[in-house]
Amino acid sequence: MIPFACAPAVLPPFSLAPRADTILVVEDESFVCELATEALLDEGYRVLTAADADEAEAILSSEQVDLLFTDIDLARNTNGIALARSARRSLPRLPVVYTSGGRDGLSAAEAVNESVFMPKPYRAAQLVAVTNDLLRHRG
């Protein structure tokens, strides 16, 4: 199993300094996408969104993305597992966070190396904490 993102619901420290990092949120449920996007924007990240893997791949080919946050089961029969594998072929060090409400985990064989699984429902503070941690420790 890949590690779970079960950080305690602690608010991150307030920061006035804008972040240069860009997060791609891939989520087909608009309300969930808005919540994740708001949490990351409030933390100072630049956020791009896609509703399926096809839209996400188009963004990945045209934008610099520093972290991929993707639901596993997406619209139009696309999925986040295949998306992450495809993204890692072009960006081998891209941090990946998977999420799903229909699964309680993800096997190491399914996930890309050094990725994180965060089950739904998650708290905005958990998403921010995991994102901050992955971006702080990359490279």
* How far apart, in nm, are the 7 Å Cα→Cβ label points at Ala108 and Ala125? -> 3.2
* To do: Could you rank Ser61, Ser107, Ser100 by how accessible they are, 1.4 Å probe, largest area first?
  => Ser61, Ser107, Ser100
* How high is the FRET efficiency from Asp73 to Arg136, r the C-beta distance, R0 25 Å, rounded to 0.05? -> 0.30
* **Signed unit charges on C-beta, dipole axis of the chain, positive-most listed residue Leu35, Phe69, Val130** => Val130
* Kindly give the semi-axes, whole Å and largest first, of the ellipsoid equivalent to the chain, taking each as the square root of 5 times a Cα gyration tensor eigenvalue. => 20, 17, 15
* Asked: Quick one: with all protein chains in place, what share of the accessible area of the chain is carbon or sulfur, to the nearest percent (1.4 Å probe)?
  -> 53
* **Amide proton proximity set for Asp28, modelled H, under 5 Å, gap of 5+** => Ala75
* Structure fact -> Square roots of five times the C-alpha gyration tensor eigenvalues of region 33-99, ordered largest first and given in whole Å, equal 18, 15, 11
* Structure fact -> If the chain between Ser62 and Ala20 were fully extended at 0.36 nm per residue, the gain over the current Cα-Cα distance would be 13.4 nm
* Kirkwood-type radius of region 93-139, with distances r between different C-alpha atoms, in Å -> 11.4
* What whole-number value in Å² describes the accessible area per residue of region 42-125 for a 1.4 Å probe? -> 48
* Asked: Could you give the dipole magnitude of the chain about its Cα centre, charging the beta-carbon of Lys and Arg +1 and that of Asp and Glu -1, in debye to the nearest 20?
  -> 520
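The values are calculated or read from the model by the stated rules, or taken from the named source; none is laboratory data. Here the structure is a predicted model, which is why all the values come from computation and not from measurement. Neighbour counts are summed over all protein chains in view; Cβ atoms, including those assigned to glycine, are modelled from backbone coordinates with ideal geometry. Areas reflect the complete protein model, heavy atoms only, side chains present, ligands, DNA and RNA absent. Shrake-Rupley method; radii C 1.70, N 1.55, O 1.52, S 1.80 Å.
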